[in-house]
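Read the figures in this text as sums done on the coordinates, not as results from a lab. Everything numeric here is computed off the predicted structure, so don't read it as measured data. In this analysis, Cβ positions are derived from the backbone assuming ideal geometry, glycine residues included, and neighbour counts consider all displayed protein chains.
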Amino acid sequence: MADRVYGNFWLGVVIGWLVMVILNIWIPILGPIIGGFVAGWIARGGVWNGARAGATAGIFGAIVVSILILLGGTFLLGGVGFLVGLGTAIVVVAASFLYLGILGLLGGVIAGALRRS
């Protein structure tokens with residue numbers, strides 16, 4: 001069992017996240033699923049590790065979007081923009097987690113089921 005070779009989890013998460021962000025622009029529903037699939041395929045380790053990699057890639061996407069909203073609000077409107085951006089960021093993280101995280105998890109599960117090693 002100790003000699004089993006697994007893929008690189010964090011490399012899969014980062015590459016899956018990049019694929020998710022790029023493809024989500026053109027194909028909104030399939031982009032996160034394909035990004036989660038890529039993350040799960042690179043991470044390897046079965047269904048569970050693929051699901052973790054896909055969901056983590058989706059969570060990273062949600063966090064990056066919220067940081068951009070927070071910074072944009074602060075630069076445009078100062079302190080009030082920061083507070084508005086903070087409230088918006090909290091809502092966006094929750095919604096993006098559900099959207100990107102669950103679809104990324106689904107893609108990771110599919111990749112983990114196809115690549116069990």
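Using the Kirkwood radius over C-alpha pairs as Rh, can you work out the diffusion coefficient of segment 9-114 via Stokes-Einstein at 10 °C, viscosity 1.306 mPa s, in µm² per second? Could the numbers behind the result be given before it?
Details: Rh = 13.4 Å.
Translational diffusion coefficient: 119 µm²/s.
Rounded to the nearest whole Hz, the Karplus-based 3J(HN,Hα) values (6.51 cos²θ - 1.76 cosθ + 1.60, θ = phi - 60°) of segment 76-92 follow the sequence 7, 10, x, x, 5, x, 5, 5, 5, x, 5, x, 5, 4, 5, 5, 5, with x at glycine and proline.
Residues whose amide H falls under 5 Å from that of Arg44, counting only those 5 or more places apart or on a different chain, are Gly7, with hydrogens built in the peptide plane.
In this rough spin-label picture, where each label sits 7 Å from Cα along the Cβ direction, the Ile90-Leu68 distance is 2.3 nm.
Rounded to whole numbers, the Karplus 3J(HN,Hα) couplings from phi for segment 65-70 are 4, 5, 5, 5, 5, 5 Hz, using 6.51 cos²θ - 1.76 cosθ + 1.60 with θ = phi - 60°, and x at Gly and Pro. The residues packed around Gly112, meaning those with a beta-carbon under 12 Å from its beta-carbon, carry a net charge of +4 if Lys and Arg are +1 and Asp and Glu are -1.
Would you calculate, for the chain, the mean residue ellipticity at 222 nm contributed by helices, counting each DSSP H stretch of 4 or more residues as -39,500 (n - 2.57) and dividing by all residues, to the nearest 500? It would help to have the intermediate numbers written out before the result.
Values: 4 runs with 96 residues, N = 117.
Mean residue ellipticity, 222 nm, calculated: -29000 deg cm²/dmol.
In order along segment 93-98, the Karplus-derived 3J(HN,Hα) couplings, from 6.51 cos²θ - 1.76 cosθ + 1.60 at θ = phi - 60°, round to 4, 5, 5, 5, 4, 5 Hz, and Gly and Pro are given as x.
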